[in-house]
């Protein structure tokens, strides 16, 4: 497989590509992660991932000529509860509020993926439903204090303590909740290689 450029500093995405034996290098996009207020929430992660991919593509053209022919993968993950996006918490209080809102409920985790392959852009998204048990305030505070989930959409990582203790069920791709639907990405790459 040809090496990819991963337009993300997420350690989870890097770990997932490593597990899948996908060769890659990281170039961080530094792109804006905001989105239009009236945008359909299902379109938001692809929109943000597209901004990341295009920013890295531009960066490569300007300063990394050795990477000009490499393919680019960008992704963005959002957590949607009852029609609202739960972003990355700014502080402990926000993290506790997010997890309190998720407690005992089902939410959607949507990851948008953008692949720039031989100069052409391909996009897709994956949705997983996650249901939390009822969490006590003690559990929530313990998790936030010990795991500091400030860089995570929805204030949690499924592969950490909260996932083991607090998640009742998931419907869909587990790795999507970690930040990248790797299986779907590899299927797409395979299709493009064989086209």
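The values are calculated or read from the model by the stated rules, or taken from the named source; none is laboratory data. Quick caveat, the model's predicted, so the values are computed rather than measured. A quick note on method: Cβ atoms are made from the backbone with ideal geometry, for glycine too, and the neighbour counts reach across all protein chains shown.
Okay, here's what the table says:
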| read-out | value |
| --- | --- |
| Qualifying helices (runs of 4 or more DSSP H) (wholly inside region 81-195; at least 1 residues being touching a residue at least 12 places away in the same chain (Cβ under 8 Å) and within 24 Å of residue 19 (Cα to Cα)) | 137-147, 161-166, 174-178, 182-194 |
| Some residue of region 3-12 being under 14 Å from residue 111 (Cβ atoms), touching a strand residue (DSSP E or B) at 6+ places or on another chain (Cβ under 6 Å), in contact (Cβ under 8 Å) with a residue 12 or more places away in the chain and in a helix (DSSP H, G or I) | no |
| Flag if residue 110 is modelled with pLDDT of 95 or more, closer than 20 Å to residue 185 by Cα and buried (at least 16 other Cβ atoms within 10 Å of the Cβ) | yes |
| Flag if residue 58 is over 15 Å from the mean Cα position of the chain (by Cα), assigned to a helix (DSSP H, G or I) and modelled with pLDDT of 90 or more | yes |
| Residues (under 15 Å from residue 24 (Cβ atoms) and either touching a helix residue (DSSP H, G or I) at 6+ places or on another chain (Cβ under 6 Å) or modelled with pLDDT of 95 or more (or both)) located in region 62-80 | 67, 72, 73, 74, 75 |
| Matching residues in region 16-54 - criterion: being in contact with a helix residue (DSSP H, G or I) (Cβ under 9 Å, 6 or more places away or on another chain), assigned to a helix (DSSP H, G or I) and surrounded by 15 or more Cβ atoms within 10 Å (Cβ to Cβ) | 16, 17 |
